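See below for the structure under consideration.
The values are calculated or read from the model by the stated rules, or taken from the named source; none is laboratory data. It should be emphasised that the depicted structure is a prediction, and the values quoted were computed from it without experimental measurement. Cβ: placed from backbone, ideal geometry, glycine included. Neighbour counts: every protein chain shown.
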Amino acid sequence: MIVCAVISIGFLVFIHEGGHYLAARAFGVRVTEFMLGLPGPSIGFTKGETRYGVTAVPLGGYAKVCGMEAGPLQPHLQEVLASLYRRGTANMEDVARDCGISDDEAYNALEELVEWGSVIGPVKADQYNTYRAPRVAPTKRALKKAAAAGLPAPVSYELGQAREVADPHALYESEYRQQYRSLPFWKRSVILLAGIFMNLLFAMLVFIIVFSIIGFQVQHPETGEITTIHASVLQALQAGFMYIGMVIQAVAGLFNPATAAQTVSDSTSIVGIAVMSKDYFQAGLVEALEFMAMISVSLGIMNLLPIPPLDGGRFVVEIFQKGTRKTVSQKAMNYMSLAGMALFLGFFVIMLNQDIQRFGLFRSPWWMIGQREVPLRSLL
């Protein structure tokens, strides 16, 4: 049953991260990694500027969207970027001397450029803080575009190879435009909320497949005859929206002092998820799909909570920055994220204790907070 839960949650988290990836790429933001699994050692391939693959712990997934670090930009980014590209490979001290800045200033600028994907950071084999200009390989589309315009083919460079920098400002601007923080507020918001949208979209598609295409069996109360019913697409969508509304209402119970305790009591941890997944997957394909849809909705709505490091928390920070025209520092974001993680850890411990006492009970997963078991077919 643990395997079923891991596969289900991992797949839905991967879909969620896929939403962030697709939105970022649609707006021209660089994504250096899109992985199936938790961050760590990986195998895969690189296409363009993105590495795709599977990590050593294939649970969930992540997309490394560049430029999402909080706080103001480091000074001297333009000079540091130009210095490193001209050298191709250089240590921190060399860049500091080129730019006439301190080693600490050079280090901070280089690390931010690494986060941008504009610079490759030190590896374990490096004896010093060595940084490299990235490999550049023009795409087929870029080559065709240049040929059609009668222009010289774009130049390719190997990792750490020196290159000419005729206009440092133009180089900096081209790199900055590929960062999340360079986008207007509405585009940043779309990237943040795209993962939630993908979870809800997946659930709605499952509702249509289960209720309209596959159909579901209903037993006549008098004759006992079992018939298969196919709902219309509109009815399936209505059932999906009703279920989403129920989950939102349940999650909102956390913020109501009168219902918060009961909401937590009605929830469960990974133990309950494992029990649920086993029962649903053993029941058949339709039931397994229903389970995936319910988890997907709950995962999406949970991420709307205004608590860092969840998407909803980051979205609230974006609204605060937009309204006050102030930038939240990375240090403040780290503190808020730690507080959010502590809060969720507290919830998890309480719910795990409840599951140990009632192990085997059929309850809702902990991110389906306060949501009692409701047959989806009853919503039609």
Name the one entry in Ala274, Ala342, Ala293 that is touching a residue at least 24 places away in the same chain (Cβ under 8 Å), among the aliphatic types (A, V, I, L, M) and farther than 23 Å from Gln217 by Cα. Ala274
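Restricted to the stretch 113-136, and to residues that are of a type in the set (Gly, Ala, Ser) and free of Cβ contacts under 8 Å to residues at least 12 places away in the same chain, which residue is surrounded by the fewest Cβ atoms within 10 Å (Cβ to Cβ)? Talk me through it step by step, then tell me what you get.
Going through the stretch 113-136, the residues of a type in the set (Gly, Ala, Ser) turn out to be 117-118, 121, 125, 133.
Restricting the remaining residues to those that are free of Cβ contacts under 8 Å to residues at least 12 places away in the same chain gives 121, 125.
Working: Gly121: 14, Ala125: 6.
Only one residue tops the list, namely Ala125.
Could you please find all residues in the stretch 93-112 being touching a Leu at 6+ places or on another chain (Cβ under 8 Å) and either surrounded by fewer than 22 Cβ atoms within 10 Å (Cβ to Cβ) or not hydrophobic (A, V, I, L, M, F, W, C) (or both)?
Of all residues in the stretch 93-112, those touching a Leu at 6+ places or on another chain (Cβ under 8 Å) come to 95, 109-110, 112.
Residue satisfying the conditions is Glu112 alone.
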Does any residue in the stretch 1-22 that is within 20 Å of Phe281 (Cα to Cα) come within less than 7 Å, Cβ to Cβ, of a residue that is hydroxyl-bearing (Ser, Thr, Tyr) six or more places away or on a different chain, and which pairs are these? Met1/Ser277; Cys4/Ser277; Ala5/Ser277; Ser8/Ser277; Leu12/Ser296
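So, of the residues in the stretch 70-92 that are of a type in the set (Gly, Ala, Ser) and touching a residue at least 60 places away in the same chain (Cβ under 8 Å), which turns out to be surrounded by the fewest Cβ atoms within 10 Å (Cβ to Cβ)?
Start the filter on the stretch 70-92 by keeping residues that are of a type in the set (Gly, Ala, Ser), which leaves 70-71, 82-83, 88, 90.
Applying the additional criterion that residues be touching a residue at least 60 places away in the same chain (Cβ under 8 Å) yields 70-71, 82, 88.
Details: Ala70: 19, Gly71: 14, Ala82: 20, Gly88: 16.
Of everything passing the filter in the stretch 70-92, Gly71 is surrounded by the fewest Cβ atoms within 10 Å (Cβ to Cβ).
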Of (1) modelled with pLDDT of 95 or more; (2) of a type outside the set (Gly, Ala, Ser); (3) in contact with a strand residue (DSSP E or B) (Cβ under 7 Å, 6 or more places away or on another chain), Tyr128 fails just (1)
Kindly state which helices (runs of 4 or more DSSP H) lie completely within the stretch 265-380 and contain at least 1 residues that are under 17 Å from Ser8 (Cβ atoms), at pLDDT 90 or above and of a type in the set (Ser, Thr, Tyr). 285-302
Can you tell me how many residues within the stretch 28-67 are surrounded by 17 or more Cβ atoms within 10 Å (Cβ to Cβ), modelled with pLDDT of 90 or more and in a loop (DSSP other than H, G, I, E, B)? 4
Can you name the residue in the stretch 296-328 that is free of Cβ contacts under 8 Å to residues at least 12 places away in the same chain and among the polar types (S, T, N, Q) and is also surrounded by the fewest Cβ atoms within 10 Å (Cβ to Cβ) among such residues? Thr324
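Pick out the one residue from Ile244, Ile248, Ile209 that is within 16 Å of Leu285 (Cα to Cα), in a helix (DSSP H, G or I), out of contact with any His (no Cβ under 7 Å at 6 or more places or on another chain) and of a type outside the set (D, E, K, R).
Values: Ile244 fails: within 16 Å of Leu285 (Cα to Cα); Ile248 fails: within 16 Å of Leu285 (Cα to Cα).
Answer to the check: Ile209.
Can you tell me how many residues in the stretch 68-86 are part of a loop (DSSP other than H, G, I, E, B) and touching a Leu at 6+ places or on another chain (Cβ under 7 Å)? Step through it out loud before you land on a result.
Going residue by residue through the stretch 68-86, those that are part of a loop (DSSP other than H, G, I, E, B) are 68-76.
Still in the running and touching a Leu at 6+ places or on another chain (Cβ under 7 Å): none.
Within the stretch 68-86, residues that are part of a loop (DSSP other than H, G, I, E, B) and touching a Leu at 6+ places or on another chain (Cβ under 7 Å) number 0.
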Would you please name the residue that is surrounded by the most Cβ atoms within 10 Å (Cβ to Cβ), looking only at residues in the stretch 219-248 that are over 29 Å from Leu305 (Cα atoms) and touching a helix residue (DSSP H, G or I) at 6+ places or on another chain (Cβ under 8 Å)? Ala231
Verdict on Pro168 being out of contact with any strand residue (DSSP E or B) (no Cβ under 8 Å at 6 or more places or on another chain) and either loosely packed, with under 13 Cβ neighbours inside 10 Å or in contact (Cβ under 8 Å) with a residue 24 or more places away in the chain (or both): yes
If Leu151 passes every condition in (1) of a type outside the set (Asp, Glu); (2) crowded, with 18+ Cβ neighbours inside 10 Å; (3) at pLDDT below 95 but one, which one does it miss? (2)
Step by step: first the residues of the stretch 35-69, then only those that are hydroxyl-bearing (Ser, Thr, Tyr) and touching a residue at least 12 places away in the same chain (Cβ under 8 Å), then the one that is nearest to Ala106 (Cα to Cα). Which residue is that? Thr50
Considering only the stretch 167-179, I want to know if a residue exists there that is farther than 30 Å from Leu305 by Cα and of a type in the set (Gly, Ala, Ser). yes
